[in-house]
Amino acid sequence: MRLDVPHGERVPAGIGLAGCFLTTAKEVMNEMEVKLKPQTLYRKFPSRDVASILSQDRCELDNDFAGFIDEYETLSKIIPQHFTVIDFGCNLAAQCWFFRNHERYIGVDTIGMKRFRCPNTTHAVMSIQQWIKKYADRQPESTFAICNYVPDDTAVKMVRECFPRLFCFYPAGTSPMFW
């Protein structure tokens, strides 16, 4: 399974969910009618954890924005649960909740802040490039990589080269990585 579609690009023939053939990356995300709001997602975690995470200096999340959770909710429904999910550029990882029933959720980001976690969650505070060089060859065959809203061309290229099952999405860009 490879969902590697730049925003606005056509999905190759044969890619579809629930028997539908889709035409754009946006339609892939809209197919499963994602409805979960940030406040609803936050209620899945202990309130003291949510408060301490959202009150951190430099926190970009709030009650109206929990990250780009629509894509993650959809992906959690189509990635088999026996898979390890590696989320490159996970930020504070509120989306880990969607993968709580998967084998493992590994969040990789350079920010050294407290992050959301579920029992199957592991976090790595390092660059995507460092993580791939150190751990990529140790991952099981049943691994799915996510590189969502990561503006680093080199990191995106490495993820694409190292993981046959992946989702890479960035809504805009001038680099050839986005053509």
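The values are calculated or read from the model by the stated rules, or taken from the named source; none is laboratory data. On a predicted model such as this, the values are computed, not experimentally measured, just so you know. Note that we place each Cβ from the backbone using ideal geometry, even for glycine, and neighbour counts take in every protein chain shown.
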Scan the stretch 71-84 and give yes if some residue there is β-branched (Val, Ile, Thr), at pLDDT 90 or above and assigned to a strand (DSSP E or B), otherwise no. yes
Filtering the stretch 35-61 down to residues that are of a type in the set (D, E, K, R) and modelled with pLDDT of 80 or more yields 37, 43, 44, 48, 49, 57, 58, 60
Reported set for the stretch 146-168 where residues are among the acidic types (Asp, Glu) and touching a residue at least 24 places away in the same chain (Cβ under 8 Å) is 152, 153
What's the total number of residues in the stretch 85-112 that are in a helix (DSSP H, G or I) and not hydrophobic (A, V, I, L, M, F, W, C)? 1
Considering every residue within the stretch 25-34, establish whether at least one is of a type in the set (A, V, I, L, M, F, W, C), at pLDDT 90 or above and either within 18 Å of residue 163 (Cβ to Cβ) or surrounded by 15 or more Cβ atoms within 10 Å (Cβ to Cβ) (or both). no
Which residue, of 143, 122, is within 24 Å of residue 69 (Cα to Cα), without any contact (Cβ under 8 Å) to a residue 24 or more places away in the chain and not charged (D, E, K, R)? 122
Being farther than 18 Å from residue 119 by Cβ and touching a residue at least 60 places away in the same chain (Cβ under 8 Å), is that true of even one residue in the stretch 80-88? yes
Taking the condition surrounded by 22 or more Cβ atoms within 10 Å (Cβ to Cβ) and under 23 Å from residue 38 (Cβ atoms), does residue 116 pass? yes
Could you tell me which of the residues 100, 165, 138, 104 is touching a Cys at 6+ places or on another chain (Cβ under 6 Å) and among the basic types (Lys, Arg)? 100
Look at the stretch 111-153 and say how many of its residues are closer than 23 Å to residue 58 by Cβ and either of a type in the set (D, E, K, R) or out of contact with any Phe, Trp or Tyr (no Cβ under 8 Å at 6 or more places or on another chain) (or both). 13
Here is a list: 167, 83. Which entry is of a type outside the set (A, V, I, L, M) and surrounded by 21 or more Cβ atoms within 10 Å (Cβ to Cβ)? 167
Can you name the residue in the stretch 55-67 that is of a type in the set (A, V, I, L, M, F, W, C) and surrounded by fewer than 17 Cβ atoms within 10 Å (Cβ to Cβ) and is also nearest to residue 89 (Cα to Cα) among such residues? 59
